[in-house]
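Everything below concerns the one structure shown next.
Every read-out reported here was derived from the displayed coordinates using simple, explicitly stated rules and does not represent laboratory data. All values derive from a computational prediction rather than experimental measurement. Here the Cβ positions follow ideal geometry from the backbone for every residue, glycine too, while neighbour counts run over all protein chains shown.
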Amino acid sequence: MAEKMELDKVVVWDGNYAAAQALRQAQVDVVSAYPITPSTGVVEGYGKFLSDGYVDGEFIMVESEHAAMSGCVGAAAAGGRVATATSSQGFALMAEVLYQASGMRLPIVLCVVNRALASPLNVRGDHSDMYLGRDSGWIQLDAFNAQEAYDLVLMAFKIGEKHNVRLPVMVHQDGFITSHTAQNVHPLSDDEAYAFVGDYKPLDELLDFSRPVTYGAQTEEDWHYEHKAKQHKALIDSRVEIDAVFAEFEKITGRKYKRVESYMMDDADVAIVALGTTVETAKMVAEELRKEEGIKAGVVAPRVFRPFPFDAIKETLANVKAVGCMDRSAPGGALGALYNEVTSALHSGGSTALVTNYIYGLGGRDLTVDAIKDIYRELDKNAKSGKRSGKIQQFVSLRGPKLEYFE
Amino acid sequence: MRQSENPKFLGTEELLGWDEVTQGVVLDSFVDEVDNVAFLKQEERPYAEFNSFTASVADWRVVKPIYNRDICIDCQNCWIFCPDTSIISRDKKMIGIDFDHCKGCGVCVEVCPTNPKSLLMFEERQDIDEALSKWPEKKKKSKKEEEK
């Protein structure tokens, strides 16, 4: 039996350590990992807890992230509770196996500490790895600080392992700003946390020798489509179970999570839609601008990036006149993903809001308070005049002549 | 030896809707719970519909091995090397070929040590009895080899 760890009511943890503690408290059976900056602390933390006797499990050291996720797939199919962590290039190398994991409906938890994708090589935080995973069939939860990273990792097991969900879950946090910044965290006790997550209940496990099963069958045009449709349904329908787990978590911690978080949206005329740590800065800026300049500013943040909260986004933004969709990933010859998805939700509700796509923060470029203020001021101007003052897609805090596209 | 009389070819199974397919494409190997299945012979196992043993892929093959029992020494080489477990051997006696799963790769012929070989490749349409009646004679060693 694993030793228990006495934790203070309030601890000072960075996002990586918070995630590692959650893996320990969930008593993860297998971590198969190839550590990469800035997510190293997650699997390093689990490894230390394992060596020190605080978790009963296995750490599999592998030769690449492709192998790391493959190890997770094997261990999860065998019937264990499984997790790992990665970032950026490691995430990209895992990509093939991410689709295998979701297609085989294996509830693996992947802690993704968001980092830019090369080239040019960069270790700082942006959301290009998160966006790379958006069609992979995984549930994607997004933490904005260390506390949320801890909470969401615990909840990720509970959501993914439900037998009517059985999907892998990514828990995202921003590289360095969350992963390496020590913050106050209110952890659960080991007993409370484990009771919340619950024992792993295997399904179709390979180690059941009385009922041997095949994983990873090949299907061509006569079967593949039906299987992918069933998988999509499970992902879309997981919304109900995600809400249920969020509600259960609130009961024991008092911390409330929603698939779409919103701040000061009751009477907002303008809103910023963002992911990650930007949400917290935007909240602060919105409060200031309400006081100082009378701008009715709000913030909307998809806590659950996949399944995309289409309905909740539409509802939350129904009465807003101008929206700024913040994409922290090089858009690769299109509008940003958040812009595309938010505008489609708004359009389906008949909204005539003016939506602007702000590309920002690539490779860890800081998004300052002043830059967010300027964005809100532009949105406010658009809302009041009823027309767009700049182009639809704009690059924020970029040196050189203004880069903007589409009218 | 065997090819099922009414082979169920891969792709001829009943097609199901998205609401009926299994979660995660997980396929049962057997229709019932099994105990010590490794100790059961293939013909004794309760294979499920989507076990690959149940489906015939005989139509993938263009050439086939024919087996001559009179020459075979039951060395088991072909059984060991067959990549499709299609050599049927019981109690270390070679009893035939599983033509539902044999792909006609010819590895069994390649590894057969007898003279003449106990397995030879023929066109798929070749009649087995006719092939056996025209089996090649034992090859004499060449003079050079005798001198050695």
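Odds and ends about this structure:
- Along its three principal directions, the equivalent ellipsoid of the stretch A:262-405 from the Cα gyration tensor extends over semi-axes of 20, 18, 15 Å, largest first.
- Computed about the Cα centre, the dipole magnitude for chain B is approximately 1460 debye when only Lys and Arg (+1) and Asp and Glu (-1) carry charge, each at its Cβ.
- When you filter the GluC sites (Glu not before Pro) in the stretch B:9-56 for DSSP loop state and at most 12 other Cβ atoms inside 10 Å of their Cβ, you are left with B:E14, B:E20, B:E33, B:E49.
- Ordering A:R115, B:R69, A:R134 from the fewest to the most neighbouring beta carbons within 10 Å gives B:R69, A:R134, A:R115.
- Electrostatic dipole magnitude of the stretch A:164-209 [Cβ: Lys, Arg +1; Asp, Glu -1; Cα centre; debye, to 20]: 220
- The convex hull defined by the C-alpha atoms of the stretch A:213-333 has an orientation-averaged projected area of 12.1 nm².
- Relative to the longest principal axis of the Cα atoms of chain A, the long axis of helix A:65-78 makes an angle of roughly 60 degrees.
- Going from the residue with the fewest nearby Cβ atoms within 10 Å to the one with the most, B:E137, A:E288 rank B:E137, A:E288.
- Relative contact order, percent, chain A [alpha-carbon distance under 8 Å, six or more residues apart]: 15
- Think of each Lys and Arg Cβ as +1 and each Asp and Glu Cβ as -1; about the Cα centre, that makes the dipole of chain A roughly 1200 debye.
- Panel values: the stretch A:37-158, Kirkwood radius from alpha carbon pairs, Stokes-Einstein at 10 °C and 1.306 mPa s, translational diffusion coefficient 107 µm²/s.
- Summarising the label geometry, the points placed 7 Å from Cα in the beta-carbon direction at A:N319 and B:W135 lie 9.2 nm from one another.
- Rounded to 5, the percent of DSSP beta bridges in the stretch A:262-405 classed as antiparallel: 20
- Axis of helix A:146-161 versus longest Cα principal axis of chain A: the two differ by about 60°, to the nearest ten degrees.
- DSSP-defined beta bridges in the protein assembly as shown - what % are antiparallel, rounded to 5: 35
- Both radii were evaluated on the Cα set of the stretch B:23-135; the Rg over Rh quotient, with Rh as the Kirkwood radius, amounts to 1.03.
- Highest-MSF residue in chain A out of A:D208, A:D129, A:D174 [GNM, Cα springs under 10 Å]: A:D208
- Residue mean of other protein chain beta carbons inside 10 Å, A:225-234: 4
- Shape summary of the protein assembly as shown, radius of gyration then Dmax from alpha carbon positions: 30.3, 108 Å.
- Fewest-first ranking of B:F39, A:F59, A:F406, using other Cβ atoms within 10 Å as the exposure measure: B:F39, A:F406, A:F59
- When the alpha carbon coordinates of the stretch B:45-101 are projected onto the principal axes, the ranges are 36, 28, 17 Å, largest first.
- The angle between the Cα long axis of helix A:88-103 and the longest principal axis of the Cα atoms of chain A comes to about 70 degrees, rounded to the nearest 10.
- Proximal aspartates and glutamates to A:K158, defined as alpha-carbon separation beneath 12 angstrom and excluding residues fewer than eight positions away on the same chain: A:D199, A:E241, A:D243, A:E248
- Value at 222 nm in deg cm²/dmol, rounded to 500, when DSSP H runs of n ≥ 4 in the protein assembly as shown each add -39,500 (n - 2.57): -10000 deg cm²/dmol
- The distance between label points at A:R211 and A:E248 comes to 2.1 nm (points 7 Å beyond Cα on the Cα→Cβ vector).
- q = 0.15 Å⁻¹, the stretch A:124-212: log10 I(q)/I(0) [Debye, one scatterer per Cα]: -0.71
- Note on the stretch A:190-304: antiparallel DSSP beta bridges, both residues inside, total approximately 50 percent of the bridges counted.
- Computed over chain B: relative contact order in percent, which uses C-alpha pairs under 8 Å that are six or more apart: 25
- Less than 5 angstrom separates the built amide H of B:F9 from those of B:S56, all sequence-distant by 5 or more or on a different chain.
- Put simply, the amide H of A:R81, placed in the peptide plane, has neighbours under 5 Å in A:D29, A:V30, leaving out anything fewer than 5 places away on its chain.
- When only Cα pairs below 8 angstrom with a gap of at least 6 residues are kept, the stretch A:262-405 shows a relative contact order of 25 percent.
- Cα gyration tensor category, rounded, prolate or oblate, for the stretch A:229-299 with a/c compared to 1.5: prolate
- FRET E, pair B:D19, A:K391, Förster distance 45 Å, beta-carbon r, rounded to 0.05: 0.45
- Here's the picture: charge each Lys and Arg Cβ at +1 and each Asp and Glu Cβ at -1 in the stretch B:23-135, and of B:L40, B:P113, B:Q76 the one pushed furthest to the positive end of that dipole is B:P113.
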